[in-house]
Ligand SMILES: NC(=O)c1ccc[n+]([C@@H]2O[C@H](COP(=O)([O-])OP(=O)(O)OC[C@H]3O[C@@H](n4cnc5c(N)ncnc54)[C@H](OP(=O)(O)O)[C@@H]3O)[C@@H](O)[C@H]2O)c1
């Protein structure tokens, strides 16, 4: 302290000014984050077009987003691999949202051999529809923590086909119509495992497929922004769905419905978006892979202690 008091007044003033600037910057960032997360009004999604295409709409986040888009007054074109589940989801949405303009379904298994032809058929099925919103949500994950050499051919194939190729091809099928109409919003569901964590050991291929989704989205954001199309990547960390049966919903791991409400409010804004979904991965893992995660050691521990959330408004 004596050292500080011994300094000339101008040094003390300069230090105080620097301190004030730092505090003001932190406060401004916090205020902006709070505004974006809780106060900023959602866009009127009908201005993008009358229809929304949602892949993987039969469960979890995709199902919850479909409900929110019905709330927003959009017609729904729901894509899923299971015809029975699709039919019951469509019936549920019609029953709970009688005002929804229309609900159509389309069966497409992204991991099947006929996927490319099926996406072509999807392109035909939406021809003439004013599709304003595309939600590329269908995804698969590891059944549990695996070392890379343990990932078998079937899992590898399905991770590539569903998470990467399916998403890319559906985007290619829907985008030309949006370009013609000069408006649209594309929401790709990535993951905090690639966008937030510095690495995600025992989940390498899944995380790498989501890194593709993140970068693909950001490139498209730049390519198409000036053409009236908003492309965005959602980067959730933990959402309590059947994909993550070991996660209990909590403050740091929202339900699919809570997540979808937040995600839909962010459509059309920043190129990457997420919500406060961090928490300790180690604390949440309740399956036998727990022991394996322990074995990976400090690398993982270091990775999972920071806060996500963050995706909000970041670039
Ligand atoms: N939950 C999380 O913690 C979390 C975290 C980060 C990112 N994500 C991402 O969020 C997205 C949604 O995941 P979720 O948690 O909601 O999982 P989910 O409950 O398992 O839902 C996945 C959806 O994708 C569909 N799907 C899976 N394989 C398919 C295929 N081969 N062809 C067509 N559809 C297929 C599923 O269909 P069925 O209904 O027939 O199974 C389901 O509708 C995924 O992209 C996932 O990677 C999730």
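The values are calculated or read from the model by the stated rules, or taken from the named source; none is laboratory data. Bear in mind the structure is a predicted one, so any value in this text is a computation, not a measurement. Because the Cβ atoms are built from the backbone with ideal geometry, glycine has one as well, and the counts that use them run over all protein chains shown.
Starting from the range 117-144, take each residue that is farther than 12 Å from residue 53 by Cα and list its partners that are within 11 Å of the ligand (Cβ to nearest atom) and assigned to a strand (DSSP E or B), counting only C-beta distances under 7 angstrom and pairs at least six apart or across chains. Sorted first by the residue in the range 117-144, then by its partner, the pairs are 139/189.
Answer with yes or no whether residue 109 is modelled with pLDDT of 95 or more, within 17 Å of residue 82 (Cα to Cα), within 12 Å of the ligand (Cβ to nearest atom) and part of a loop (DSSP other than H, G, I, E, B).
Taking the combined requirement at face value, the residue satisfies it.
For residue 186, the conditions (1) under 21 Å from residue 246 (Cα atoms); (2) outside any loop (DSSP other than H, G, I, E, B); (3) without any contact (Cβ under 8 Å) to a residue 60 or more places away in the chain all hold with the exception of (1). Going by the conditions given, is residue 141 within 14 Å of the ligand (Cβ to nearest atom) and within 18 Å of residue 64 (Cβ to Cβ)? So residue 141 passes the test.
No other residue among 159, 202, 122 is at pLDDT 95 or above, buried (at least 16 other Cβ atoms within 10 Å of the Cβ) and part of a loop (DSSP other than H, G, I, E, B) apart from 202. Please work out if residue 231 is in a helix (DSSP H, G or I) and either modelled with pLDDT of 95 or more or within 10 Å of the ligand (Cβ to nearest atom) (or both). No: the conditions fail for residue 231.
Wholly within the range 1-79, which helices (runs of 4 or more DSSP H) include no fewer than the required count, namely at least 3 residues that are in contact with a strand residue (DSSP E or B) (Cβ under 7 Å, 6 or more places away or on another chain)? Working first, answer last.
Numbers: elements: 2-5, 9-34, 60-71.
Qualifying helices (runs of 4 or more DSSP H): 60-71.
Inspect all residues belonging to the range 53-76 and state whether any of them is within 20 Å of residue 121 (Cβ to Cβ) and more than 14 Å from the ligand (Cβ to nearest atom). Within the range 53-76 (the criterion being within 20 Å of residue 121 (Cβ to Cβ) and more than 14 Å from the ligand (Cβ to nearest atom)), the answer is yes, since at least one residue qualifies.
Considering every residue within the range 33-40, establish whether at least one is modelled with pLDDT under 95, surrounded by fewer than 23 Cβ atoms within 10 Å (Cβ to Cβ) and touching a helix residue (DSSP H, G or I) at 6+ places or on another chain (Cβ under 6 Å).
We begin by selecting, within the range 33-40, every residue modelled with pLDDT under 95; these are 33-40.
Now restrict to residues that are surrounded by fewer than 23 Cβ atoms within 10 Å (Cβ to Cβ): 33-40.
The next check asks that each one be touching a helix residue (DSSP H, G or I) at 6+ places or on another chain (Cβ under 6 Å); those that pass are none.
No; the residues of the range 33-40 include none that is modelled with pLDDT under 95, surrounded by fewer than 23 Cβ atoms within 10 Å (Cβ to Cβ) and touching a helix residue (DSSP H, G or I) at 6+ places or on another chain (Cβ under 6 Å).
Identify, by number, the condition in (1) without any contact (Cβ under 8 Å) to a residue 40 or more places away in the chain; (2) farther than 20 Å from residue 232 by Cβ that residue 157 doesn't meet. That leaves (1) as the condition not met. Of the residues making up the range 236-273, those that are within 9 Å of the ligand (Cβ to nearest atom) and touching a strand residue (DSSP E or B) at 6+ places or on another chain (Cβ under 6 Å) number 4. From the list 80, 49, the one residue that fits, being within 9 Å of the ligand (Cβ to nearest atom), crowded, with 21+ Cβ neighbours inside 10 Å and at pLDDT 95 or above, is 80. Taking (1) over 24 Å from the mean Cα position of the chain (by Cα); (2) within 14 Å of the ligand (Cβ to nearest atom); (3) loosely packed, with under 12 Cβ neighbours inside 10 Å in turn, residue 88 satisfies each apart from (3).
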